[in-house]
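Accompanying notes for the structure given below.
The values are calculated or read from the model by the stated rules, or taken from the named source; none is laboratory data. Everything numeric here is computed off the predicted structure, so don't read it as measured data. Every residue, glycine among them, receives a Cβ derived from its backbone with ideal geometry; neighbour counts consider all protein chains shown. Heads up: the accessible areas ignore ligands, DNA and RNA and are worked out on the full protein's heavy atoms, side chains in. Shrake-Rupley method; radii C 1.70, N 1.55, O 1.52, S 1.80 Å.
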Amino acid sequence: MEKLEVLSQKIKRFFEIPGSLVAVKILEREFEGVRPNKPSLFCDFVRRAAHGEEAVTITENDLQNFAARVILGFAEPKYVDISLRLKPAKTKSIVVAPLEKMKESPDVVIVITNPSRMMEIVQVLRRTTRSTLEVSMTCEASAVAGEITALPFMEKKPNLTLLCGGARML
């Protein structure tokens, strides 16, 4: 989608973001697309997209972490409820791509940047929406899947996270 490429370039240039913005599309159907070579953590798929790698279409079997499978709506919880999750579990595939390479309108756009740039993004968000950013984060397991993918998808509003341990180690 040419509009997404232009939008991505404008945002990256304005905020001086070196990597790519990450587009996420959550689908209740199987989607044909490039599949990952091997299973990985959801935060790793997001990190690769932020580094400009090709779009990937992931399914439940591509996620190593069961919690991420539940949070992203591929599966229902088995023994305990996970409150921050897509309910009911209807997800069949998720496309993760650099925004400039996304072929359809994303459900969520993730910006991975430093605190100084994020502060500027929040300030611009405040000026344009005239509302404050109310953040919900725990930085626990699967924060990338939950706090900056599932929650913004469900609530249709932005969120902020300091990532989870797995994402900080990647």
- Members of segment 90-116 found to be more than 24 Å from His51 (Cβ to Cβ) and open to solvent by 30 Å² or more (accessible area, probe 1.4 Å), listed by number: Lys90, Lys92
- Please indicate, with yes or no, whether at least one residue in segment 117-129 is crowded, with 21+ Cβ neighbours inside 10 Å and under 21 Å from Ser20 (Cβ atoms). no
- Task: Please determine, by comparing only the residues of segment 70-88 that are in contact with a Pro (Cβ under 9 Å, 6 or more places away or on another chain) and open to solvent by less than 80 Å² (accessible area, probe 1.4 Å), which one is nearest to Val56 (Cα to Cα).
- Result: Gly73
- Query: How about segment 9-57: which of its residues are of a type in the set (S, T, N, Q) and either within 17 Å of the chain's Cα centre (by Cα) or surrounded by 19 or more Cβ atoms within 10 Å (Cβ to Cβ) (or both)?
  - Reply: Ser20, Ser40, Thr57
- Message: Based on this model, can you work out whether Arg127 counts as more than 17 Å from Glu28 (Cα to Cα) and without any contact (Cβ under 8 Å) to a residue 24 or more places away in the chain?
- Response: yes
- Task: Quickly run through segment 21-41 and pick out the residues that are modelled with pLDDT of 95 or more and under 29 Å from Met119 (Cα atoms).
- Result: Leu21, Val22, Ala23, Val24, Lys25, Ile26
